[in-house]
Structures are given as C-alpha cells and as structure tokens.
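Below is one structure; the comments refer to it alone.
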Amino acid sequence: GSGAAARGLDVASYRERVRAMFYHAYEHYLESAFPYDELRPLTCDGQDTWGSFSLTLIDALDTLLILGNVSEFQRVVSVLQEGVDFDIDVNASVFETNIRVVGGLLSAHLLSRKAGLEVEAGWPCSGPLLRMAEEAARKLLPAFQTPTGMPYGTVNLLHGVNPGETPVTCTAGIGTFIVEFATLSHLTGDPVFEDVARKALKALWKNRSDIGLVGNHIDVITAKWVAQDAGIGAGVDSYFEYLVKGAILLQDKELMSMFLEYNKAIKNYTKFDDWYLWVQMYKGTVSMPVFQSLEAYWPGLQSLIGDVDNAMRTFLNYYTVWKQFGGLPEFYNIPQGYTVDKREGYPLRPELIESAMYLYRATRDPTLLELGRDAVESIEKISKVDCGFATIKDLRDHRLDNRMESFFLAETIKYLYLLFDPDNFIHNDGSDFDVVVTPYGECVLNAGGYIFNTEAHPIDPAALHCCRKRREEQWEVEDLMREFYSRKKTKKLTLKRAPDHGEGENAKDSQDASSEKAGEKRKSKKSSHSLLSCPSQSFNSKLAVLGQVFLDNT
C-alpha cells in the first residue's frame with residue numbers, strides 16, 4: 001500500500017482485529033490444549049513442550065490485562081495457583097523457564113492489583129504469584145553451580161542438573177537472567193538470584209575476544225568457546241538486550257558500559273550497509289552473510305539507547321524482507337536476497353513487530369503502522385486455521401506446522417496490540433501512578449517506564465524500590481537525616497533522587513578513585529558502629545545512601 005493510504009490507516013480497527021486474533025487463539029488453547037503447554041492448531045489438541053506447566057496460560061496472562069480483560073486475568077490467576085506444580089520430574093530449559101515462567105509470573109504479580117485482585121497486605125513484596133515465581137527460579141539455581149558461574153542450559157526440576165548434562169550453553173542462555181532475577185531479589189529480599197545473574201553476565205564479559213566480541217556457544221566448565229560465530233542473532237541476542245534493559249531497570253552504569261563496548265565492536269566488525277552479518281569472534285572475518293529473523297529485535301534495542309536513526313535504517317532493511325515473503329524467514333541470505341535451505345519458516349515471531357512498537361513510540365513514523373498492518377493481514381491470511389494460528393513451515397508455499405508457540409500470545413499479539421493502542425496503560429508517561437502502602441513505607445507503582453523481559457513480560461521498575469528488607473538501613477538513614485537537621489547549620493542541604501541499587505552501594509556516583517576505595521573499606525569493615533557513619537568523608541563529595549544523594553550546595 002502507498003504511504004498516503006497508511007496515513008489514513010484505521011488504527012482502532014486494526015486494534016480490534018488483533019484482539020480478535022488473540023481470542024481466536026486463546027479460546028482454542030483453553031478448549032483443546034489446556035492443561036498442556038501448547039496448542040497444536042492443525043489437530044486441535046495439546047502438547048507439553050518446555051516443561052509441563054500450562055505454559056501458554058502463564059505466557060498469555062499479562063496480555064489479557066493489556067487487552068483490558070480483568071475477569072479472565074483473575075480467573076487464570078486462581079487456576080494457576082491451584083494447578084501449577086514445579087516439583088516435577090521434567091528436564092527444562094533454564095533460559096526458557098526463566099523468560100516464560102518466571103518472567104510471566106513476576107509480571108502478573110506486579111500487575112495483579114491493577115487487575116482488581118485482592119492483594120496481600122505485604123504486596124508487592126509478597127503474594128501467591130511472587131511465591132510461584134520464586135519457587136520456579138529456585139529450581140533453576142542448581143544450574144548456576146559451575147566453576148565459571150555460567151549456567152548449564154538444562155536442569156531437572158526435581159533432581160537438579162542431570163549427571164552427564166552437556167556443559168555447552170549458548171551465550172543468551174547465560175546472559176538472560178538479570179531482569180527477572182534482580183526483580184526477584186529486590187521483591188523477596190533474597191540476594192542470591194541477582195548475584196548468580198550478575199556473576200554469569202560478568203563471566204561472559206571476561207571471556208570476550210581481544211577484538212571485543214562474544215561467540216555463540218561456550219563450555220560453562222572450561223570457559224572455552226565452542227561456537228565462535230559472533231553476531232546479534234540467535235544464541236546471542238538477548239544477552240545484549242539484557243545488558244541494556246538491566247542497566248535501565250537497575251540504573252546500573254556498569255551494565256550499560258559493557259553494552260556500549262560491545263556495540264562498538266558490533267558496529268566495527270559485523271555491520272555492513274545497515275545489515276549485520278556473522279563474523280569469526282577472534283579474527284572478525286565474515287562467517288555467514290545471513291540475516292536471521294531473531295535479529296529483528298535490534299532496532300528496538302537501538303531505540304532504547306537513543307540511536308533512532310540507525311535503528312530506523314536497519315528496521316527498513318528488515319521490513320523489505322518481510323514484504324518479499326509476507327513474514328521473516330528464519331534465515332535470509334543477504335547477498336542472494338533469498339531464503340536459506342531448511343530455514344524458510346516463520347513461527348509467528350514477534351521481533352520485527354517489537355522493534356516497530358519501540359520505534360513508533362520514538363518517531364510516530366506511519367511506516368511502522370504499515371508493518372503492523374502487513375503483519376495482521378499476513379498472519380490472518382497464511383496461518384489462521386479453525387483451531388488457532390499455526391507456525392508457517394515455509395513462506396514460499398505457505399505450508400504450515402502443527403504448532404502454536406506460547407510467544408505468539410505472549411509477544412506477537414501483545415506488541416501488535418501496543419503498536420495500535422497508543423493510550424494503553426503500558427505507554428504511561430508518568431503522569432498517572434498509584435501509591436501503595438507497604439510495610440517499608442509508601443511506594444509509587446504503575447507510573448510507566450515498564451521494562452519488557454525478552455518474552456514481552458512488562459516489569460514495573462518502580463516496584464524494585466518498594467521492598468526494603470533491611471530495616472536497619474532505613475533507621476540509619478533516618479538517624480542520619482535527624483543528625484543533619486538537628487545541626488541547624490546555615491549550609492543548605494539539597495536532597496536529590498539517584499539511581500537506587502537497593503543496597504546503598506551506590507557511593508560510586510561521581511567520586512574520585514580514592515574516595516571510592518574508602519567506600520569499599522567502609523563496606524568491608526563489619527564493625528559495630530553504623531555502616532553510614534563515615535566521619536572521614538567530608539560532604540563536598542556526593543554520598544549516596546539508599547539511593548538518596550546528599551549534595552552540599554556551597
């Protein structure tokens with residue numbers, strides 16, 4: 001269609017079509033496949049795929065609320081509380097269980113008050129969905145007990161890591177935990193989750209090549225790279241995504257600087273004409289000139305760091321591939337301009353639509369709505385069947401596969417709906433918010449700025465600041481404040497918000513190295529006097545206490 005036609009594109013009618021697509025798939029899942037993980041749309045039955053926990057239901061839960069369906073959200077929450085058990089003898093992907101199950105439960109937990117559920121007195125620091133998320137995450141912890149801190153890829157939910165389990169894990173399977181695990185640690189007060197996620201991220205960083213690239217698969221025992229292809233697609237993708245999203249969620253400069261270093265190396269070695277190729281991680285020579293559909297998340301990620309122009313250019317390249325096939329083939333040979341043998345399928349993936357949603361928020365460019373329109377038309381035309389929507393096995397002849405992945409309802413439909421729904425609560429710009437009283441004081445929630453995990457489960461960053469489990473720190477701050485104000489000095493102290501790392505460790509903000517060293521000593525000396533009484537430090541440097549920065553304005 002012409003640009004002019006799209007400018008008159010009826011956003012509301014596409015939004016309703018997306019809603020209808022959701023229910024066509026969701027109702028058939030409930031009717032024919034529940035309690036199995038996934039719907040098999042060609043035979044109208046179900047199958048367990050990633051475990052045995054009604055995965056599609058967990059994955060689709062927050063989409064229900066984004067579509068405004070509070071009653072079904074509430075019903076599903078009670079069904080899950082009754083029916084889901086993680087004490088099962090099942091070998092599960094550590095990565096998939098984290099992003100789909102832990103992520104889906106955390107997101108639903110944080111949205112449950114908005115969905116009109118009666119929440120516990122301690123919410124958001126407690127609640128049934130949070131306990132389920134924590135239980136699922138605990139089942140994954142044994143995978144992280146390796147010499148390097150990089151996790152195995154598979155864990156048995158009952159017995160831990162199987163004897164003889166392969167030690168080879170893909171990069172994304174190591175670096176895609178910080179969003180969910182840090183959220184869990186902040187809400188529950190148990191630091192173990194965030195600690196293992198950070199240790200794994202750092203191990204990948206430490207093992208990057210001399211030219212700054214990481215490969216595709218690594219041995220988590222020996223830290224030797226088994227697959228040395230470097231790129232932004234399959235096997236690596238969400239590691240980069242989580243450095244950025246973790247940095248935003250936790251206001252963590254270190255994670256962001258890691259990403260920006262990688263970003264330089266990726267531009268230097270893999271980027272050609274706004275395409276990204278695969279290169280050998282040590283030499284930087286091109287190993288595969290292909291574009292993978294999974295890489296289509298990259299423009300959205302670039303938009304998150306403010307690099308909108310580059311993001312749009314790459315997005316438009318990917319959109320030309322979509323227009324050529326009516327979907328994104330799993331692999332596309334860039335020089336030949338065609339699909340790669342055995343990789344002609346399109347399993348209704350969300351990545352290009354996800355990027356369109358981010359870029360539309362940033363630019364309001366109507367081309368992005370045109371992609372949304374094309375996606376609706378093409379998914380309805382090619383993959384819709386009586387019992388739901390089926391994976392497209394081959395984009396050339398439109399053969400289908402008997403599978404509907406849970407990400408279709410978790411991500412593809414959600415991002416499409418959000419692209420066409422500019423007023424959705426998810427797009428809140430901060431003008432609207434809720435104040436919740438917790439045992440740790442008042443806290444602000446639902447003010448927007450949601451961070452989507454890599455399965456499109458939105459996490460409210462404000463929630464990470466609601467659950468101070470360390471009351472003694474709270475009192476120390478109050479004593480400190482009292483001391484300040486009782487001095488009645490003529491000096492004016494101003495109070496500013498700063499990134500909050502939850503543990504009052506952010507004393508690094510803009511100090512020089514020497515005062516940073518002093519800060520480290522202060523932390524390590526477990527003496528009886530208060531952590532925060534630091535007589536040696538004058539207040540002309542910034543001191544951050546639990547995220548509050550005191551500035552001496554003189």
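The values are calculated or read from the model by the stated rules, or taken from the named source; none is laboratory data. This is a predicted model, so every value here is computed, not measured. Cβ placement follows ideal geometry from the backbone for every residue including glycine, while neighbour counts extend to all protein chains displayed. Ligands, DNA and RNA are stripped out before the accessible areas are found, and what is left, the full protein with its side chains, is counted by its heavy atoms. Shrake-Rupley method; radii C 1.70, N 1.55, O 1.52, S 1.80 Å.
Yes or no: the stretch 397-404 includes at least one residue that is open to solvent by less than 10 Å² (accessible area, probe 1.4 Å), in contact (Cβ under 8 Å) with a residue 12 or more places away in the chain and not assigned by the TED database to the domain that holds Thr63. Within the stretch 397-404, one or more residues are open to solvent by less than 10 Å² (accessible area, probe 1.4 Å), in contact (Cβ under 8 Å) with a residue 12 or more places away in the chain and not assigned by the TED database to the domain that holds Thr63.
Answer yes if at least one residue in the stretch 31-48 is assigned to a helix (DSSP H, G or I), modelled with pLDDT of 95 or more, out of contact with any Lys or Arg (no Cβ under 6 Å at 6 or more places or on another chain) and open to solvent by 10 Å² or more (accessible area, probe 1.4 Å), and no otherwise. Walk me through how you get there before you give the answer.
Initial filter on the stretch 31-48 (assigned to a helix (DSSP H, G or I)): 31-33.
Next cut, modelled with pLDDT of 95 or more only: 31-33.
Checking which are out of contact with any Lys or Arg (no Cβ under 6 Å at 6 or more places or on another chain) leaves us with 31-33.
Among the residues that remain, those that are also open to solvent by 10 Å² or more (accessible area, probe 1.4 Å) are: 31-32.
Looking for residues that are assigned to a helix (DSSP H, G or I), modelled with pLDDT of 95 or more, out of contact with any Lys or Arg (no Cβ under 6 Å at 6 or more places or on another chain) and open to solvent by 10 Å² or more (accessible area, probe 1.4 Å), one finds at least one in the stretch 31-48, hence yes.
Quick check on this structure: which one of Leu187, Leu304, Leu213, Leu277 is outside the structural domain of Tyr450 (by the TED database) and in contact (Cβ under 8 Å) with a residue 40 or more places away in the chain? Break it down stepwise before answering.
On the way: Leu187 fails: outside the structural domain of Tyr450 (by the TED database); Leu213 fails: outside the structural domain of Tyr450 (by the TED database); Leu277 fails: outside the structural domain of Tyr450 (by the TED database).
Answer to the selection: Leu304.
Scanning the stretch 425-454 for residues that are of a type outside the set (S, T, N, Q), in a loop (DSSP other than H, G, I, E, B) and more than 15 Å from His109 (Cβ to Cβ) turns up Asp429, Gly430, Asp432, Phe433, Pro439, Tyr440, Ala447, Gly448, Gly449.
Considering Ser93, Ser52, the condition of being at pLDDT below 95 and within 24 Å of Asn162 (Cα to Cα) is satisfied by Ser52 alone.
Check every one of the strands (runs of 3 or more DSSP E) wholly within the stretch 118-221 and list those with 3 or more residues that are among the small types (Gly, Ala, Ser). Reasoning before the result, please.
Values: elements: 154-156, 168-170, 217-219.
Filter on the stretch 118-221 gives an empty set.
Filter the stretch 55-84 down to the residues that are of a type in the set (Gly, Ala, Ser) and over 21 Å from the mean Cα position of the chain (by Cα), then identify the one that is modelled with the lowest pLDDT. Looking at residues that are of a type in the set (Gly, Ala, Ser) and over 21 Å from the mean Cα position of the chain (by Cα), I get Gly83.
What about Asn91, is it under 21 Å from Asp460 (Cα atoms), out of contact with any Cys (no Cβ under 7 Å at 6 or more places or on another chain) and of a type outside the set (A, V, I, L, M, F, W, C)? Walk me through it before giving the result.
Details: under 21 Å from Asp460 (Cα atoms): no; out of contact with any Cys (no Cβ under 7 Å at 6 or more places or on another chain): yes; of a type outside the set (A, V, I, L, M, F, W, C): yes.
Taking the combined requirement at face value, the residue does not satisfy it.
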